[in-house]
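Working notes for the structure below.
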Amino acid sequence: MAEVHPVTLSDPSSSLTATYVPDAGMICTSLTDGPVEYLGQRRGLHAYVADGKTMGIPILYPWANRLSANEYRVDDTTVRVTPGVNGVRADAHGAPMHGVLAASPDWQVIEKLGNVLIAELDWSAQPSLLATFPFPHRLTMAVTLADRTLTVATTVTPTAQQHVPLCYGYHPYVTIPDVPREDWQLQSPAMRHLLVDERGLPTGESRQWPGGRQRLGTTELDDGFDDLEPGAVFALSGADRRVEVTFDAGYTAAQLFAPGSDAVVGIEPMTAPTDALHRGSYKMAAPGSPETATFSINVS
């Protein structure tokens, strides 16, 4: 693995710390309270850099989750993406998965303080990025750690006269250490449950998800949702520990991922549902009108 330079933020009001690696995709690799780690380490940073195997909190950009085809159309522009080319990775069924920024070295830190980190990526300066998503823009991630809360604000600023589709998301892998997975409590808001086929792609059918709190037990999830209200709160708790993920603004869709093989729950904020880039169901950032989406993680 190439040399990387982690940046650790410290909460001025508590013992909470967060570690980011700007030159490996601006991934958050750790969120700890003293010796207690609240992010799933999974296969670790090396596997993320080498193979895009996710851990911690990676950004999924410019699309979250998977696409149903290797081609999509935006207005008069048709784009073809090829797994294995220009950073495109595929799932087990060959579907393009989680965008093209896994472990990207192209982020530039523009501000670094004790509890603040801001980095930018100039999409228009990278031909390989434009080949898969030909919409020039600047991507900014501003991270703050304060009051036991990690806040992540992501801004898309068009740098040409084209609108930029907003179909991205993040994949926080949350864990409650020292508590058996089956004893975790998962809290979710009321939202719309998007049913999927055997490939994990939406079928077009849906039903209401009432929300509330449930014991995780042996439940396995890889489910998509939309119709989330601003400020929607998810939480994972166990014993005297609780992690809240709040979709503060701009995230109207979510994915809940709870594999039986790993003691993590992915609570994933998304600006649009799975396959939106192909189906056309998304917002756009207009020239002269940057769009910011914010989520936060509180540890108590």
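For Thr203, indicate whether it is open to solvent by 60 Å² or more (accessible area, probe 1.4 Å), assigned to a loop (DSSP other than H, G, I, E, B), of a type in the set (S, T, N, Q) and out of contact with any Pro (no Cβ under 9 Å at 6 or more places or on another chain). Spell out the reasoning first.
Details: open to solvent by 60 Å² or more (accessible area, probe 1.4 Å): yes; assigned to a loop (DSSP other than H, G, I, E, B): no; of a type in the set (S, T, N, Q): yes; out of contact with any Pro (no Cβ under 9 Å at 6 or more places or on another chain): yes.
Answer is no for this residue.
Would you pick out the residues in region 1-28 that are open to solvent by less than 20 Å² (accessible area, probe 1.4 Å), within 19 Å of the chain's Cα centre (by Cα) and of a type outside the set (A, V, I, L, M)?
If the condition is that a residue be open to solvent by less than 20 Å² (accessible area, probe 1.4 Å), within 19 Å of the chain's Cα centre (by Cα) and of a type outside the set (A, V, I, L, M), then Tyr20, Pro22, Gly25, Cys28 are the ones that fit.
Does region 235-287 hold any residues that are assigned to a loop (DSSP other than H, G, I, E, B), open to solvent by 10 Å² or more (accessible area, probe 1.4 Å) and more than 21 Å from Arg138 (Cα to Cα), and which are they?
Of all residues in region 235-287, those assigned to a loop (DSSP other than H, G, I, E, B) come to 239-240, 250-252, 259-264, 271-275, 280-282, 287.
Filter once more, so that each one left must be open to solvent by 10 Å² or more (accessible area, probe 1.4 Å): 239-240, 250, 252, 259-263, 271, 273-274, 280-282, 287.
Listed by number, the residues that qualify are Ala239, Asp240, Thr252, Pro259, Gly260, Ser261, Asp262, Ala263, Pro273, Thr274, Gly280, Ser281.
Among the numbered criteria (1) more than 18 Å from Ser300 (Cβ to Cβ); (2) open to solvent by less than 10 Å² (accessible area, probe 1.4 Å); (3) of a type outside the set (Gly, Ala, Ser), which one does Leu31 miss?
(1)
Step by step: first the residues of region 220-230, then only those that are surrounded by 15 or more Cβ atoms within 10 Å (Cβ to Cβ) and outside any strand (DSSP E or B), then the one that is nearest to the chain's Cα centre (by Cα). Which residue is that?
So the residue we want is Leu228.
Checking the structure you have, find out if any residue of region 188-203 is touching a His at 6+ places or on another chain (Cβ under 7 Å) and hydroxyl-bearing (Ser, Thr, Tyr).
no
Cβ contacts < 8 Å: first residue on the phi > 0 side of the Ramachandran plot, restricted to region 140-161; second residue open to solvent by less than 20 Å² (accessible area, probe 1.4 Å) and assigned to a strand (DSSP E or B), any location; separation 6+ or different chain. Result?
Going by the 8 Å Cβ cut-off, the qualifying pairs are Arg148/Leu16; Arg148/Val299.
The values are calculated or read from the model by the stated rules, or taken from the named source; none is laboratory data. As the structure is a prediction and not an experimental result, all values here were calculated from the model. Cβ: placed from backbone, ideal geometry, glycine included. Neighbour counts: every protein chain shown. Ligands, DNA and RNA are stripped out before the accessible areas are found, and what is left, the full protein with its side chains, is counted by its heavy atoms. Shrake-Rupley method; radii C 1.70, N 1.55, O 1.52, S 1.80 Å.
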